[in-house]
Amino acid sequence: MGQLDDKTVVVVGGVAGIGGAISERFAAEGATVYATSRRDIADAPAHPGIHPVRADATDSAALRTAFERITAERGQIDVLVFNAGMSGHAEMTDASADHYDDTFALNVRAALFATQAAAASIPEGGAIVLIGSVAGSIGTRGYGVYNASKAAIRSFARTWANELAPRGIRVNVVAPGATDTEMFASASEEVRATIASAVPLGRMARPQEVAAAALFLASDESSFVTGIELPVDGGFAQV
């Protein structure tokens, strides 16, 4: 038996990278997974339990329509994972209005309205897992806007955990550190070594390790856990 047998899961930003790993792991645990992406869904993980959905997370009307269709097909949405996000470098003196608007539109605004739309279909005992970042707790130079957007995700989780508790819905955050996804695939060995050297465990996270943390928070194994941020950073921002 899997930890998510007969559950319906929506992973927003669930085709590649951390989101793709989450979709794969959740499907392997018995869930029917709807993985959204605003890009080419042809690259979605090949698993019979994963159903790719083309939808731009910043288009709240399109996401709401997708959630309504999924609910009509499946009866309910048991778990929402919001993984969509972007990062860009700009120090405070150089940050443009477009940089700010684009980052907050996807990382924060989309998270709010995706959760709002999905929550209408989540029953008692359901779960919402937001993918944040340890960046929300530190001050990495040049990433102030991104850091602030992830701090907002942490704040949302606290509030939503309170607001949804009467319905028996749990809300938690997984906060990865540097993770070995496609974003780092083209980085030089020197850059990768520098990143790894800052982590007490001496390496970047694997996407599957972040997926395992998300699974814990989505499953009944964490039935008395809500409102937390679970770092998956090899100790980078913890020690």
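The values are calculated or read from the model by the stated rules, or taken from the named source; none is laboratory data. Being a predicted model, the structure only gives us computed values, none of them experimental. Using ideal geometry, Cβ is built from the backbone for each residue, glycine included, and neighbour counts are taken over all protein chains shown. These accessible areas exclude ligands, DNA and RNA; they are computed on the full protein's heavy atoms, side chains included. Shrake-Rupley method; radii C 1.70, N 1.55, O 1.52, S 1.80 Å.
At a 1.4 Å probe, what is the % contribution of carbon and sulfur to the accessible area of the chain?
Numbers: 5810 of 11240 Å².
About 52 percent, which is the carbon plus sulfur part of the accessible surface.
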Amide proton proximity set for Leu230, modelled H, under 5 Å, gap of 5+: Val173, Val174, Ala175
Calculate the spin-label point distance for Ala62 paired with Asp94, positioning each point 7 Å from the Cα along the beta-carbon direction, and give it in nanometres. 3.0 nm
Axial C-alpha extent at least 15 Å, average Kyte-Doolittle at least -1.0 - helices from the chain (DSSP): 17-28, 60-74, 144-164, 207-218
Once all protein chains are kept in place, Ile18 shows an accessible area at probe 1.4 Å, nearest 10 Å², of 30 Å²
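How much length would be gained if the chain were fully extended between Ile138 and Asp101, taking 0.36 nm per residue of separation minus their Cα-Cα distance, in nm to one decimal? Walk me through the intermediate numbers first.
On the way: separation 37, 0.36 × 37 = 13.32 nm, distance 2.11 nm.
Gain on stretching Ile138 to Asp101: 11.2 nm.
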Suppose R0 equals 41 Å; then what is the FRET efficiency for Ala193 and Arg54 from their Cβ-Cβ distance, rounded to the nearest 0.05? 0.65
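Convex hull over the Cα atoms of segment 1-80, averaged projected area in nm²?
On the way: hull surface 19.0 nm².
So the mean shadow area of the Cα hull is 4.7 nm².
By average Cβ neighbour count within 10 Å, what is the ranking of 229-235, 70-76 from highest down?
Numbers: 229-235: 19.6, 70-76: 14.4.
Listed from highest to lowest mean packing, they are 229-235, 70-76.
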Report the normalised scattering of segment 101-152 as log10 I(q)/I(0) at q = 0.14, 0.19, 0.23 Å⁻¹, calculated by the Debye formula with identical scatterers on the alpha carbons. -0.43, -0.68, -0.85
Leaving ligands, DNA and RNA out of it, rank Tyr100, Tyr34 by accessible area with a 1.4 Å probe, largest first. Tyr100, Tyr34
